[in-house]
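These notes concern the structure reproduced below.
The values are calculated or read from the model by the stated rules, or taken from the named source; none is laboratory data. This one's a predicted model, so the numbers in the text were calculated from it and none came from an experiment. In this analysis, Cβ positions are derived from the backbone assuming ideal geometry, glycine residues included, and neighbour counts consider all displayed protein chains. Calculation scope for accessible area: heavy atoms of the full protein, side chains included, ligands and nucleic acids excluded. Shrake-Rupley method; radii C 1.70, N 1.55, O 1.52, S 1.80 Å.
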Amino acid sequence: MFWLDLMRGLRGGDEPPQTWCCCCKNQVSYRIPALVNLNDDQTFLALAEKRKTLSDTNAEVLVMRRGTLKDAKTQDWVSGHQLLSSACLPNHCSMNPCPVYERESKTLFLFFVCVPTRVLDLTADVIGEQMKEWAHLRLIIPAYVYRYTGKPDCTSRCCLSFCCFTSFALAFCSDDQRITWKVGNQMDVESCECQMAEIIDEEGKSTLYCNARTRLGYRSEALSYNSGEDFGTVLSPNKLIETGNGCLGSVLSFLEQSNPTKTWLLYSYPSNPKNRVDLGLYLN
């Protein structure tokens with residue numbers, strides 16, 4: 001995994017808007033989006049992978065589009081987008097854009113992975129992190145690892161396709177503005193690509209909520225009461241149904257302007273149990 005200081009190291013050229021046709025499979029597409037809001041100047045930055053086709057194996061480069069908040073309900077987006085040519089390595093594809101804004105130093109970092117073009121088909125299922133700032137003090141990087149859970153004497157070639165491996169979500173944490181990092185404990189249940197959000201209760205106490213992809217037919221949900229060091233409370237399964245072979249969901253939290261303060265969770269995910277269609281929004 002690599003990172004780039006977007007405030008200092010950004011280079012790239014502009015590219016005009018692309019026309020997209022729903023009937024054409026072999027066309028430029030933009031997948032794995034990420035969005036970051038810089039409140040100081042009311043700026044939004046949207047990042048994504050640019051691909052030759054819809055397939056994971058045809059990722060090329062990361063792109064970024066800039067927008068400005070005009071009022072409480074309106075965003076003004078710049079036409080076209082910028083190619084992040086400095087976020088790459090020779091003979092590699094840049095994937096999984098993950099922006100992190102460190103408020104104390106007002107630094108915006110872009111975490112991403114550079115994958116050799118000859119093994120692209122592994123990356124979407126093996127590597128995936130989404131970044132989020134935690135409570136103004138701690139930086140939290142949601143991630144996951146694969147652990148061997150097959151038979152001890154298994155020597156078949158099936159292991160090369162991860163049949164004998166199970167993924168478990170965890171968090172990387174930094175308390176000194178990303179100078180040093182520590183790794184949290186893995187969740188106790190299967191959990192793959194994940195996102196995390198902060199919940200603040202009526203007494204002002206913070207809880208970290210994790211929502212993760214699985215192969216079990218439903219999402220894994222868990223709570224951490226120590227800022228991501230472990231997720232000791234696993235919520236009841238079968239509450240949120242997984243679609244098909246799974247998909248990366250999106251979750252964010254926001255505070256209601258009330259007294260006492262109340263936190264809302266917004267979760268978006270395909271509502272179709274078989275295919276990645278019919279986007280659903282869940283508010284809690």
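Each peptide in 188-196, 250-258, 88-96 was scored by the mean count of other Cβ atoms within 10 Å over its residues; highest first, the order is 188-196, 88-96, 250-258. For segment 173-223, the solvent-accessible area works out to 47 Å² per residue, with a probe of 1.4 Å and every protein chain left in place.
Distance from the C-alpha centroid of segment 259-284 to that of segment 55-121: 24 Å, rounded to the whole angstrom.
Counting protein heavy atoms only, segment 210-284 has 51 percent of its accessible area on carbon and sulfur, 1.4 angstrom probe.
Applying a threshold of 30 Å to the alpha-carbon distances of LYS106/LYS262; LYS52/LYS73; LYS50/LYS182; LYS50/LYS239 flags LYS52/LYS73; LYS50/LYS182; LYS50/LYS239 as lying beyond it.
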